[in-house]
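Novice: If you scroll down you'll find the structure; I have some questions about it.
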Amino acid sequence: MTHTHAVQVRNSFGPNAEKYARSAAFAGSPSLNRLLEVVAPQPHWVALDVATGGGHCALAVAGRVGRVVATDITPEMLTAARAMIEGHGGAHVYFGEADAHALPFASGTFDLVTCRIAPHHFPDVAAFVRECARAARPGGTVAVIDNIAPGDGFTVRYLNAFEKLRDPSHHWVYPARRWGDFFAEAGLRVTRLETFRQAHDFGDYCERMAVPPRTRDRLRAMLMQAPAGPAAAFEV
């Protein structure tokens with residue numbers, strides 16, 4: 001990640017870190033429970049949670065494995081995640097600042113590498129996936145959850161413009177098939193690819209990022225006046 005984009009991410013998430021750690025939408029997503037079902041973490045495993053954000057994925061995994069390392073590029077996020085995890089009785093979770101594009105760990109260190117609802121902020125998702133593959137031990141597991149976009153080019157551009165208006169640190173949301181390419185290019189074998197629909201409350205969606213009133217009005221207009229393709233994707 002470039003220095004400029006790292007600063008942008010920290011500027012977006014630093015002041016709002018506690019909101020994300022307290023977010024019911026992030027804590028209660030069915031995709032998180034599904035990740036645990038599919039991955040089936042084992043007690044002897046050592047896990048890495050990349051771009052941990054509010055720490056919800058790290059907390060969920062920590063209850064199943066021996067140790068979790070939770071990283072994020074935003075120091076305030078690590079502080080908020082630590083407080084949230086400790087408040088929920090989480091143990092054996094260690095925290096460190098790290099760039100998802102250049103993880104500071106030896107190759108083959110982790111049995112499980114996770115990243116949840118973060119890669120759309122990464123300028124080089126291919127590099128991130130390569131780093132996850134490198135950090136995982138041979139035979140280990142890389143599990144990623146992120147927003148996806150439908151395949152139509154205009155709709156993808158519209159959705160990404162909407163996200164970037166809300167959060168300038170947003171980079172790009174990819175179609176699901178592109179994720180298969182990222183994994184294959186990193187030498188990983190895709191064993192499961194699933195999609196979920198998740199509803200968001202517009203007010204909460206804006207409040208988490210402290211979106212100014214004028215920008216909220218523009219976002220609302222993009223929702224309500226969206227052309228057919230984006231409107232179908234938004235399901236307003």
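The values are calculated or read from the model by the stated rules, or taken from the named source; none is laboratory data. The structure displayed is predicted, hence computed values, not measured ones. Because the Cβ atoms are built from the backbone with ideal geometry, glycine has one as well, and the counts that use them run over all protein chains shown.
Novice: Would you call A233 assigned to a helix (DSSP H, G or I), touching a residue at least 40 places away in the same chain (Cβ under 8 Å), closer than 19 Å to G151 by Cβ and of a type in the set (G, A, S)?
Specialist: So A233 passes the test.
Novice: Looking at R34, R22, R64, which one is over 24 Å from R192 (Cβ atoms) and over 14 Å from the mean Cα position of the chain (by Cα)?
Specialist: After ruling out the rest, the residue left standing is R22.
Novice: Only residues that are closer than 30 Å to N11 by Cα, touching a residue at least 40 places away in the same chain (Cβ under 8 Å) and over 15 Å from the mean Cα position of the chain (by Cα): list them for segment 137-157, please.
Specialist: Within segment 137-157, the first condition is being closer than 30 Å to N11 by Cα, and the residues that meet it are 142-150, 153-157.
Then keep just the ones that are touching a residue at least 40 places away in the same chain (Cβ under 8 Å); that gives 142-143, 145, 148-150, 154-155.
Of everything in segment 137-157, those that are closer than 30 Å to N11 by Cα, touching a residue at least 40 places away in the same chain (Cβ under 8 Å) and over 15 Å from the mean Cα position of the chain (by Cα) turn out to be P150, F154, T155.
Novice: Sticking with this one: Need the failing condition index for V46 against (1) modelled with pLDDT under 90; (2) within 23 Å of E131 (Cβ to Cβ); (3) not hydroxyl-bearing (S, T, Y), just the number.
Specialist: Only one criterion in (1) modelled with pLDDT under 90; (2) within 23 Å of E131 (Cβ to Cβ); (3) not hydroxyl-bearing (S, T, Y) is unmet by V46, namely (1).
Novice: Right, next: Out of the residues in segment 76-99 meeting the condition of being closer than 16 Å to G66 by Cβ and touching a strand residue (DSSP E or B) at 6+ places or on another chain (Cβ under 6 Å), tell me which one is surrounded by the fewest Cβ atoms within 10 Å (Cβ to Cβ).
Specialist: Y94
Novice: Give me the residue from segment 100-137 that is among the small types (G, A, S) and touching a Leu at 6+ places or on another chain (Cβ under 7 Å) and, out of that set, nearest to R64 (Cα to Cα).
Specialist: Only one residue tops the list, namely A135.
Novice: Looking for whichever is touching a residue at least 24 places away in the same chain (Cβ under 8 Å) and surrounded by 12 or more Cβ atoms within 10 Å (Cβ to Cβ) here; the options are H200, H171. Which one fits?
Specialist: One residue alone meets the criteria, H171.
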